[in-house]
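Presented below is the structure to which this report refers.
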Amino acid sequence: MRAAYIEELGPADVIRYGEIAAPRPGPTDVLVDVLATTVNPVDTFVRSGLFPTHVDFPFVVGRDLVGTVAQAGPGVTGLRAGDRVWCNSLGHGGRQGAAAEQAVVAADRLYRLPEGVDPYAAVAAVHPAATAYLALFVHGRLHVGETLLVAGAAGNVGSALVTMAVRAGARVLATAGSRDAQYCAELGAAEVFDYRDPDLAEQIRGAAPSGIDLYLDTAGVNDLETTVGLLARRGRVVLLAGARTRPVLPAGALYMNDRSVVGFVISHATPDELAEAAAYINDLFRQGVLSPRGIEVFPLSAAADVHARMEKGELRGRRAVLCTDVTAGD
Ligand SMILES: NC(=O)c1ccc[n+]([C@@H]2O[C@H](COP(=O)([O-])OP(=O)(O)OC[C@H]3O[C@@H](n4cnc5c(N)ncnc54)[C@H](OP(=O)(O)O)[C@@H]3O)[C@@H](O)[C@H]2O)c1
């Protein structure tokens with residue numbers, strides 16, 4: 001089969017495209033004919049070694065897939081050849097990736113795609129959406145009626161955060177570029193602030209005089225010196241971006257108010273947590289309320305180029321989808 005794979009960790013140009021041996025499913029695995037995969041920031045971190053994780057060479061890159069069940073192992077129940085499915089947890093932790101014509105997926109990491117959902121839009125949505133779900137409800141412990149601040153609310157993860165938090169009954173404050181204010185308001189943000197405004201912190205304080213219960217910064221600025229002071233008592237910051245930032249933490253303002261800062265990556269989510277997120281995401285797909293704002297489609301052979309473009313910042317706010325030669329109608 002043809003695949004985008006690496007023989008060593010390194011820059012984007014270590015990715016090769018060509019023939020490698022097709023994977024063999026075990027008894028509780030499913031062999032999937034891949035329709036499309038994506039390129040996420042974390043795929044570049046795994047490829048370069050910035051995010052340390054177990055990989056076996058040749059290593060197929062890529063985390064997400066949408067495809068069709070080719071063969072289900074004898075121990076798999078509920079999935080049959082021909083079923084349209086998706087996965088968002090390949091390509092790390094000892095699992096081979098999704099950027100190939102075929103992939104093996106453990107049955108508990110594979111989810112049915114609801115009827116009528118566009119597979120390309122779906123595969124583009126699942127990584128940021130699952131990240132948002134886990135950040136809000138598992139690590140952020142969001143409750144009905146709480147006030148949430150989403151920094152970078154017009155981005156891929158940010159827009160999913162706003163969509164889900166509004167549905168969960170939170171009051172959502174957002175920061176975004178001024179051209180994205182209308183988009184964030186349409187997603188349901190109660191107030192949108194321009195992240196370039198020099199008085200941003202004062203504006204947020206004015207909109208949430210009792211403080212922010214949960215603060216999520218998808219832009220990875222991680223200005224904890226300011227953010228901790230904006231929190232309510234027992235307010236939480238979930239750090240999920242900005243791997244190279246070195247913020248200053250005001251310790252007294254944190255512990256004297258029962259506030260907390262926790263880190264989170266989706267890479268460590270358990271199969272049960274991922275399945276819980278997947279059920280929620282499938283529900284949003286059925287309702288038609290989860291669709292990426294912008295998608296760029298490339299052939300699978302362009303994986304190295306797309307990794308390089310992502311690292312240069314050329315894909316900000318847009319999702320990159322890599323397609324195999326299989327078509328959605330096949
Ligand atoms: N922890 C995890 O498990 C996990 C999972 C997925 C992604 N991530 C990380 O999440 C981050 C966001 O990913 P993404 O795909 O959502 O990126 P994205 O679509 O590019 O969104 C980033 C958004 O932040 C905005 N922004 C830039 N500077 C800002 C600032 N100073 N204040 C507020 N907003 C600002 C950008 O607006 P402009 O267009 O105006 O620049 C853009 O709308 C990445 O670092 C990624 O690695 C983490």
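The values are calculated or read from the model by the stated rules, or taken from the named source; none is laboratory data. Since we're looking at a predicted model, the values are computed, not measured. No Cβ is skipped: glycine too gets one built from the backbone with ideal geometry, and neighbour counts run over all protein chains shown.
Points to keep in mind about this one:
- Residue in the stretch 298-311 that is of a type in the set (A, V, I, L, M), assigned to a loop (DSSP other than H, G, I, E, B) and either within 25 Å of Arg141 (Cα to Cα) or within 12 Å of the ligand (Cβ to nearest atom) (or both) present: no
- Residues being surrounded by fewer than 16 Cβ atoms within 10 Å (Cβ to Cβ) and either outside the structural domain of Tyr17 (by TED's automatic domain parsing) or under 26 Å from Thr327 (Cα atoms) (or both) - total across the stretch 78-101: 4
- Single residue of the stretch 243-255 satisfying the filter (of a type in the set (A, V, I, L, M) and at pLDDT 95 or above) that is nearest to the ligand (Cβ to nearest atom): Val248
- Of the listed requirements (1) among the aliphatic types (A, V, I, L, M); (2) out of contact with any Leu (no Cβ under 6 Å at 6 or more places or on another chain); (3) more than 16 Å from the ligand (Cβ to nearest atom), Val321 misses just one: (3).
- Scanning the stretch 223-233 for residues that are more than 12 Å from the ligand (Cβ to nearest atom) and out of contact with any helix residue (DSSP H, G or I) (no Cβ under 7 Å at 6 or more places or on another chain), we see that the one that is nearest to Asn40 (Cα to Cα) is Leu224.
- Applying the criterion of at least 3 residues that are buried (at least 19 other Cβ atoms within 10 Å of the Cβ) to the strands (runs of 3 or more DSSP E) found wholly in the stretch 1-71 leaves 2-6, 29-39.
- Cβ-Cβ under 9 Å pairs, at least 6 apart or on other chains, the stretch 168-180 side in contact (Cβ under 8 Å) with a residue 24 or more places away in the chain, far side more than 6 Å from the ligand (Cβ to nearest atom) and hydroxyl-bearing (Ser, Thr, Tyr): Ala170/Thr147; Arg171/Thr147; Val172/Thr147; Leu173/Thr147; Ala176/Tyr183
- Pairs linking a residue in the stretch 285-301 that is β-branched (Val, Ile, Thr) to a residue that is modelled with pLDDT under 95 and surrounded by 13 or more Cβ atoms within 10 Å (Cβ to Cβ), with Cβ atoms under 9 Å and 6 or more positions apart or on different chains, are Ile295/Arg318.
- Within the stretch 214-222, one or more residues are within 13 Å of the ligand (Cβ to nearest atom), touching a residue at least 24 places away in the same chain (Cβ under 8 Å), of a type in the set (Phe, Trp, Tyr) and assigned by TED's automatic domain parsing to the domain that holds Ala135.
- Restricting attention to the stretch 151-174, the residues being charged (D, E, K, R) and part of a helix (DSSP H, G or I) number 1.
- Residues of the stretch 170-202 that are polar (S, T, N, Q) and within 11 Å of the ligand (Cβ to nearest atom): Thr175, Ser178.
- Filtering the stretch 121-149 to residues that are away from the ligand (no atom under 14 Å from the Cβ), surrounded by 19 or more Cβ atoms within 10 Å (Cβ to Cβ) and over 14 Å from the mean Cα position of the chain (by Cα) leaves Leu142, Glu146, Thr147, Leu148.
- The stretch 312-330, subset in a loop (DSSP other than H, G, I, E, B) and in contact with a helix residue (DSSP H, G or I) (Cβ under 6 Å, 6 or more places away or on another chain), residue surrounded by the fewest Cβ atoms within 10 Å (Cβ to Cβ): Ala328
- For Leu249, the stated conditions hold: it is more than 23 Å from the chain's Cα centre (by Cα), of a type in the set (A, V, I, L, M) and part of a loop (DSSP other than H, G, I, E, B).
- Val262 within 17 Å of His139 (Cα to Cα) and away from the ligand (no atom under 12 Å from the Cβ): no
- Each residue in the stretch 175-232 was checked for being closer than 27 Å to Gly263 by Cβ, assigned to a helix (DSSP H, G or I), hydrophobic (A, V, I, L, M, F, W, C) and over 21 Å from the mean Cα position of the chain (by Cα), and 7 of them qualify.
Results for (1) of a type outside the set (Gly, Ala, Ser); (2) within 16 Å of the ligand (Cβ to nearest atom); (3) surrounded by 13 or more Cβ atoms within 10 Å (Cβ to Cβ); (4) not in a loop (DSSP other than H, G, I, E, B), shown as yes or no for each residue.
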site: Gly235; (1), (2), (3), (4): no, no, yes, yes
site: Val238; (1), (2), (3), (4): yes, yes, yes, yes
site: Ala241; (1), (2), (3), (4): no, yes, yes, no
site: Asn257; (1), (2), (3), (4): yes, no, yes, no
site: Ser267; (1), (2), (3), (4): no, yes, yes, yes
site: Ala275; (1), (2), (3), (4): no, no, yes, yes
site: Ile281; (1), (2), (3), (4): yes, yes, yes, yes
site: Leu284; (1), (2), (3), (4): yes, no, yes, yes
site: Pro292; (1), (2), (3), (4): yes, yes, yes, no
